[in-house]
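Remarks on the structure that follows.
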Amino acid sequence: LFNLKGQVAIVTGGALGIGQGIAFRLAEAGATVMITDINPEAAQSTVAQIKESGGTAASMMANVANLGDEKHAIEETIKIFGRLDILVNNAGIFPFAPALEVTEQLWDKVMGVNLKGLFFTTQAAAREMIKQGHGGKIINIASIDALHPSGMLVHYDTSKGGVAMMTKSLALEFGPKNILVNAIAPGGIQTPGASSPDTSEELLKAFTARIPLRRMGIPDDIAKAALFLASDMASYMNGSLIVIDGGYLQA
Ligand code: NAD
């Protein structure tokens, strides 16, 4: 049902956290996975784990905020593996800061990775998919913050709201080329990023208490939906935003 044999996927920020979980799932389904990340050691370790379980993967150093990096990674992926079918725009940063303390530098940094980088990575990938003529799948990792503010994250929330709307705009433009663009809005997921010193124990406890499932998510909770969107099982989904938050937004 979720067979991705013969398909090539790029996962940005795929070395750790949610991206790593997605890389594992796509590789398990038979896709060849290229992990692009700014952390080459972690990326190589994830590639090694995929290979150990019989999958095919490689990694490249690429910062999504440096527009040329991802374009280069996409070109190299096609040179090495012959095609590109799936792009998972996962790389994202969420540095907490009260609105009054958000500097222009922090604003630009967050937008540079989460919004501008995501757009231009997508543009470069879509150009290749259109050239190849076989269509493709683009999966954007947004956040429940696209729908509901977290607090102390106005810059992040704004970027993720942008990702949600970008998903719809691109679904409209790329649909006729058989490139399906969808997004996932994760709730609180246990990842290295989410357990940064910025996230206090108290905040985490309060957050978890509000989740009807009474637990934080794990990367694989998101990866399963990414696999679904990447597969033919999501053949008529385009422009959707899947919320995966243990029911947090209902509370
Ligand atoms: P994480 O910090 O645990 O992992 C992020 C990965 O991306 C790391 O491997 C990191 O090296 C890489 N990365 C960071 N900046 C990069 C850049 N500029 N270019 C390339 N790679 C880069 O993060 P996570 O919690 O797994 O989050 C992944 C995505 O999910 C992000 O877009 C985040 O906003 C989103 N998200 C996370 C949560 C959560 O609770 N963890 C909730 C909602 C949305």
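The values are calculated or read from the model by the stated rules, or taken from the named source; none is laboratory data. If you're wondering where the values come from, they're calculated on a predicted model, not measured in any experiment. Reconstructed Cβ throughout: ideal geometry from the backbone, glycine too, with neighbour counts over all protein chains shown.
Here are some notes:
- Residue in the stretch 4-31 that is farthest from the ligand (Cβ to nearest atom), counting only those that are more than 23 Å from G193 (Cβ to Cβ) and touching an Asp or Glu at 6+ places or on another chain (Cβ under 9 Å): G6
- Screening G217 on (1) within 10 Å of the ligand (Cβ to nearest atom); (2) surrounded by 19 or more Cβ atoms within 10 Å (Cβ to Cβ); (3) more than 16 Å from the chain's Cα centre (by Cα) shows it passes everything except condition (3).
- Verdict on D157 being of a type in the set (D, E, K, R), more than 20 Å from R83 (Cα to Cα), crowded, with 19+ Cβ neighbours inside 10 Å and within 10 Å of the ligand (Cβ to nearest atom): no
- Those residues of the stretch 183-207 which are within 14 Å of the ligand (Cβ to nearest atom), assigned to a helix (DSSP H, G or I) and surrounded by fewer than 16 Cβ atoms within 10 Å (Cβ to Cβ), in sequence order: L203, L204
- The combined condition, being away from the ligand (no atom under 15 Å from the Cβ) and in contact (Cβ under 8 Å) with a residue 12 or more places away in the chain, is not fulfilled by D69.
- The set of residues in the stretch 212-234 that are assigned to a loop (DSSP other than H, G, I, E, B) and either within 23 Å of F24 (Cβ to Cβ) or at pLDDT below 95 (or both) comprises L213, R215, M216, I218, S231.
- Among the residues of the stretch 88-106, those identified as over 20 Å from the mean Cα position of the chain (by Cα) and outside any loop (DSSP other than H, G, I, E, B) are A99, L100, E101, E104, Q105, L106.
- Residue within the stretch 166-180 that is within 16 Å of the ligand (Cβ to nearest atom), closer than 25 Å to L249 by Cα, at pLDDT 95 or above and under 15 Å from the mean Cα position of the chain (by Cα) present: yes
- Cβ separations smaller than 9 Å between residues 6+ apart or across chains give the following pairs from the stretch 103-131 residues that are closer than 13 Å to G68 by Cα and hydroxyl-bearing (S, T, Y) to residues that are more than 12 Å from the ligand (Cβ to nearest atom) and in a helix (DSSP H, G or I): T121/K71; T121/I74; T122/M166; T122/L170; T122/F174.
- Among the residues making up the stretch 113-145, those that are within 13 Å of the ligand (Cβ to nearest atom) and surrounded by fewer than 23 Cβ atoms within 10 Å (Cβ to Cβ) are V113, L115, K116, F120, I144.
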